[in-house]
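See below for the structure under consideration.
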Amino acid sequence: MKAAPEAQKRLLDLAELDSVIDRLAHRRRTLPELAEIDERSKQYARLATQVIEAQTEAGDLAREQTKAESDVDAVRTRADRDQKRLDSGAVTSPRDLASLQSEIASLQKRQGDLEEIVLEIMERREAADTKATDLVAQRDEVAAAVSAAEGRRDAALKEIDKEAAEVQGRRSAVASDIPADLMALYVKLRDQYGVGAAMLRGGRCQGCKVALSIAEMNRIKAAPHDEVLRCDECRRILVRTAESGL
């Protein structure tokens, strides 16, 4: 392939701009905020599940407490009713009196037992409510951290995209100076090796950093200035400049 030496040298400018674009793309993919958002989002999901579980437990205990308190009220009402019958003097039979007194004592014991159950449920409910409140606070704190990280990510992406657009514009201008066939070869090699062209500097390919043999250097010296050369080692386009050592 033939191409004017100046067009070949423009490949070095193009390769440098492509290198900048690659670095920007890598920076875009590896922003620390991305990993932070991912980890924080997982943490938020775990906490959200724990909040639901804790709130469900607290709700169940609230219903259990309501039922236990209702049982206490029912026993208390029945005991008060029996006590009023006893105090009214309406029951005169010794046998009925003894039975009524026994029932009142049983109801009072039952009431005491139920009140102990209510107290135990209240303690469990208080602990569950506290746990749920703490988990909600943790979840909201993580949500705020995610939001802050997303803000930093968006700002960084905006900056990267702005720089990438500017570099891409410069690349387009450089690419317009390069013949189509040379450009097609460069793009093909870039796709294969990551870098499509490299400078020959001091007898060494700057793409693979391999020093060329004396025979290879002599071959390059003898080649026409417009001949497009390739590195025998890495197969990239080898661009000759004043620094090539020829």
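The values are calculated or read from the model by the stated rules, or taken from the named source; none is laboratory data. No experiment lies behind these values; they were computed from the predicted model shown. When we count neighbours, we look across all protein chains shown, and the Cβ atoms used for this are built from the backbone with ideal geometry, even at glycine. Note: areas computed on protein heavy atoms with side chains; ligands, DNA, RNA excluded. Shrake-Rupley method; radii C 1.70, N 1.55, O 1.52, S 1.80 Å.
At a glance:
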read-out	value
Cut-off 20 Å (backbone N to label point 7 Å along Cα→Cβ of Arg81), residues of the stretch 95-113	96-113
Gaussian network model of the chain, Cα within-10 Å springs - most flexible of Ala164, Ala149, Ala90	Ala90
Net charge over other residues, Cβ less than 9 angstrom from the Cβ of Leu200 (K, R count +1; D, E count -1)	+2
The stretch 232-246 - phi-based ³J(HN,Hα) in whole Hz, Karplus 6.51/-1.76/1.60, Gly and Pro as x	5, 7, 10, 6, 6, 5, 9, 9, 8, 9, 5, 8, 6, x, 8
Per residue accessible area of the stretch 139-219, 1.4 Å probe, in Å²	56 Å²
Only Lys, Arg (+1) and Asp, Glu (-1) charged, at Cβ; the stretch 131-198 dipole about Cα centre in debye	120 debye
Top positive-direction residue, dipole computed over the stretch 63-149 with Cβ charges, set Thr130, Gln65, Ser102	Ser102
Helical mean residue ellipticity (222 nm; -39500 (n - 2.57) per DSSP H run of 4+; nearest 500) of the chain	-28000 deg cm²/dmol
Sulfur and carbon atoms: percent of accessible area, the stretch 176-246 [1.4 Å]	52 percent
Within-13-Å neighbourhood charge of Thr56 [Cβ basis; K, R +1; D, E -1]	-2
